[in-house]
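Asks: What follows is a structure written as structure tokens; I'll ask about it next.
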Amino acid sequence: MNRILFALLAPLVVSAALGESTEPTKIRITTWNLEWFPNGSAKEASAEQQNQRIKEAADVLGTINPDIVLLQEVRDYGACARLGEAIAPEIYHVAICSGFREPFQSGLGKQQVAILSKYQAQAAWSEPWKSMNGVDPPRGFAFAWFKIGNEDIGVYSVHLKSNLITHGDREAETAKNIRNVKSLFLSS
């Protein structure tokens, strides 16, 4: 990959007494916007190009070795499953991959959110954002719940920003994105 927007490591310490041990369980969570994964853009890519992007992302994630991976801008469940299988030597399960529709195209959008994990999820779902006061943010969030040791761990994967809304007017795009994000947090 030519560039990585960000791959954020967020070690999470879970205070869980596992058997006789009082050591906390450490959980490594990584979030990564893969930018139109696996194609690399809104345009279609060849199978060879997609396989190369999957391999490159898997190599980075294999080095980081997270327990849970929160992804944004992935095409679909199949792309997530291929990435999960490619991260060697670990196997990552797709806990959830959203299936959001975009308001300006037919069918499913090509920028979904997903959660992959070394652990099997106890429950997982995705949900679109709710329209409120004329603000209609695209996409939504994915959630997964894991039982790790004696602890319940819940994680969300979100993709709040979308420059696809106004197609070209950067000032209008920025203003609409700010309104969308504010409406999500003010409605909670």
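Asks: Got at least one residue in the stretch 174-181 being assigned to a strand (DSSP E or B) and modelled with pLDDT of 70 or more?
Replies: The initial filter retains those residues of the stretch 174-181 that are assigned to a strand (DSSP E or B), namely none.
No, there is no match, as no residue in the stretch 174-181 is assigned to a strand (DSSP E or B) and modelled with pLDDT of 70 or more.
Asks: Within the stretch 27-59, track down each residue that is hydrophobic (A, V, I, L, M, F, W, C), surrounded by fewer than 18 Cβ atoms within 10 Å (Cβ to Cβ) and either touching a Cys at 6+ places or on another chain (Cβ under 9 Å) or in contact (Cβ under 8 Å) with a residue 24 or more places away in the chain (or both).
Replies: Kept after step one, since they are hydrophobic (A, V, I, L, M, F, W, C), are these residues of the stretch 27-59: 27, 29, 32, 34, 36-37, 42, 45, 47, 54, 57-58.
After this cut, where a residue has to be surrounded by fewer than 18 Cβ atoms within 10 Å (Cβ to Cβ) as well, the list is 36, 42, 45, 47.
Within the stretch 27-59, TRP36, ALA42 meet the criteria.
Asks: Kindly check whether there is at least one residue in the stretch 60-79 that is in contact with a Gly (Cβ under 7 Å, 6 or more places away or on another chain), polar (S, T, N, Q) and buried (at least 16 other Cβ atoms within 10 Å of the Cβ). I'd like the intermediate steps shown before the answer.
Replies: Within the stretch 60-79, the first condition is being in contact with a Gly (Cβ under 7 Å, 6 or more places away or on another chain), and the residues that meet it are none.
So far as the stretch 60-79 goes, no, none of its residues is in contact with a Gly (Cβ under 7 Å, 6 or more places away or on another chain), polar (S, T, N, Q) and buried (at least 16 other Cβ atoms within 10 Å of the Cβ).
Asks: Oh, and also: Determine which member of the set LYS147, LYS118, LYS110 is under 30 Å from LYS26 (Cβ atoms), of a type in the set (Lys, Arg) and within 16 Å of the chain's Cα centre (by Cα). I'd like the intermediate steps shown before the answer.
Replies: Values: LYS147 fails: within 16 Å of the chain's Cα centre (by Cα); LYS110 fails: under 30 Å from LYS26 (Cβ atoms).
The unique qualifying residue is LYS118.
Asks: Which condition does TRP129 not pass, out of (1) out of contact with any strand residue (DSSP E or B) (no Cβ under 7 Å at 6 or more places or on another chain); (2) in contact (Cβ under 8 Å) with a residue 40 or more places away in the chain; (3) farther than 23 Å from ARG28 by Cβ, if it passes all the others?
Replies: (1)
The values are calculated or read from the model by the stated rules, or taken from the named source; none is laboratory data. On a predicted model such as this, the values are computed, not experimentally measured, just so you know. FYI the Cβ positions are ideal-geometry reconstructions off the backbone, even for glycines, and counts take in every protein chain you see.
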